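The next block holds one structure in the form of C-alpha cells; read it before the comments.
The values are calculated or read from the model by the stated rules, or taken from the named source; none is laboratory data. Values in this document were obtained by computation on a predicted structure and should not be read as measured data. Don't worry about glycine lacking a Cβ; one is built from the backbone with ideal geometry, like all the others, and counts go over all protein chains shown. All accessible areas refer to the heavy atoms of the entire protein, side chains included, with ligands and DNA or RNA removed. Shrake-Rupley method; radii C 1.70, N 1.55, O 1.52, S 1.80 Å.
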Amino acid sequence: MDFSKFKKQFDKEHPATVYLILGDQEYLSQQIKDMFVDLIPEEERSMNIGNYDMEDVVVSAAVEDAISVPFFGERRLVMINRPYFLTGKKVKTKVDQNTDDFEDYLKHPEQSTIMVIFAPYEKLDARKKITKALKKVATIVEIGKLREAEIKHLVTERVTSKGFKINPDALDRMMQLTGVKLTSMMGELPKLCLYNNDTKVINIDSVNGLVSRSMEQNVFDLVNMVLKKNAKQSMDIYQQLILENDEPIRINAVLVQQFRLLLQVMILQKHGYSQGNLASALKVHPYRVKLAMQTVRQFKYDQLRDAYIGLIETEKEMKSTSRSPELLFELFVLKFMKH
C-alpha cells in the first residue's frame, strides 16, 4: 500500500506486529515514525522504544529487544533502520550480520511488540530467504515511488493544514525547482508560509524568489541554454554550480545523463511510447520524462546527438589531461555553438 492508504487504514488500537517501510523518502519516513512513536505513552518511551541501525548494530540485538516484555506498559516499539542485508548492496561496515535469529522471530512475532523495518532502498533482493520471510509476515508500505499527483496532494494537504493555499503554477514550479523531491518541498514550506503570512496564499513569485534550486534543475536549465546556444547564460549557470561546490566532472556526468535521457525520449517517442511507457522503460520519474518531452519538441535529433557526443569527449579529456575542467567545458560550449 502507499502512504495515503496506510495513513487512512492505520489502526492505532490493533496495529500489526511487523511493518516494512520500503523506499527512500525521508519526510514520509519521519511521518510514519511519529505515528508509531505516538502509540507509546510519553512516560513509557524511554524504556519501551528501541532504535537500531543495521550498519552499526547486529540485528540480533533488535530481536532480543523485540522479545522482551514491555516495561510498565502494554507495548514495545522496535525500529530497525537500513537493513542492507535485505538487498544486494555491498555496504562498508564492521558489523557481521547473521539473520537466523531475525528469521526465527518472523515465524512467531511477539504480540506485544510492534517491529517496524525502514528500508530506504528502491527494491529488496527477492531471492534472499530472509527477504521472503519478511514479506510473508509484514504489512508493507511503499513510499519510494511517488507519482506527481501524490506529491502534489501531500504538499497541498500540508499547506492547507497550516491555513494556507498554494496556486497551481506555484506548486508546479516548486516541483521543478526541487527536482520532484518531496522532502525538499516540505522543507521549503516554512519560509514560503512566513513570507506569504499576510495573504495566506503561496504564489509563483515567492517560489521563484525563495525556493532553493536543486542541482537537477540547474542542470536542466544549463541543458536548455546550451541547446539554445546561449554561451553567456550557459557559463553563468555552470559557474553557479561550481560555486555551490559541485565538482566539474560530476556536473559533466549529470549533463551526459540528461542528454542521454533526451535522446532516448526522442527516439522512443517516434516508436510510439507514451509518457507512462517511457518512465517505465527508462526507469526514471514520470515528471522527468514530462520535462524531457517538453524539451525535445524544441530541438532536432542532430543537436542532441552532437551535444551528447561533445560532452562524452569532454569527460574523457577531464579524466586524461591536466587541463582545467572549467576551460574544457567552456571549449565544449564554444565548439558546439560554432558547429
For the range 217-238, does any single residue satisfy the condition of being among the acidic types (Asp, Glu) and open to solvent by 80 Å² or more (accessible area, probe 1.4 Å)? no
Can you confirm whether the range 199-222 contains a residue that is in a helix (DSSP H, G or I), touching a Phe, Trp or Tyr at 6+ places or on another chain (Cβ under 8 Å) and under 30 Å from Asp302 (Cα atoms)? yes
Look through Leu262, Leu278 and report the one residue that is part of a helix (DSSP H, G or I), without any contact (Cβ under 8 Å) to a residue 40 or more places away in the chain and within 22 Å of Arg147 (Cα to Cα). Leu278
Pull up the range 5-30, narrow it to residues that are of a type in the set (Phe, Trp, Tyr) and part of a helix (DSSP H, G or I), then point me to the one that is least open to solvent (accessible area, probe 1.4 Å). Phe6
Where the second residue is open to solvent by 60 Å² or more (accessible area, probe 1.4 Å) and the first is under 17 Å from Met79 (Cβ atoms) and lies in the range 99-110, which pairs have Cβ atoms under 6 Å and are six or more apart or on separate chains? Glu110/Ile67
Positions within the range 319-331 being modelled with pLDDT of 85 or more and either under 20 Å from Ile267 (Cβ atoms) or open to solvent by less than 70 Å² (accessible area, probe 1.4 Å) (or both), in sequence order: Leu328
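This table checks each residue for (1) among the acidic types (Asp, Glu); (2) without any contact (Cβ under 8 Å) to a residue 60 or more places away in the chain; (3) closer than 24 Å to Ile143 by Cα.
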| residue | (1), (2), (3) |
| --- | --- |
| Leu182 | no, no, yes |
| Leu189 | no, yes, yes |
| Leu194 | no, yes, no |
| Asn208 | no, yes, no |
| Asn218 | no, yes, no |
| Val223 | no, no, no |
| Pro248 | no, no, no |
Flagged in the range 59-88 as open to solvent by less than 60 Å² (accessible area, probe 1.4 Å) and outside any helix (DSSP H, G or I), in numbering order, are Ser68, Pro70, Gly73, Arg75, Arg76, Leu77, Val78, Met79, Ile80, Asn81, Pro83, Thr87
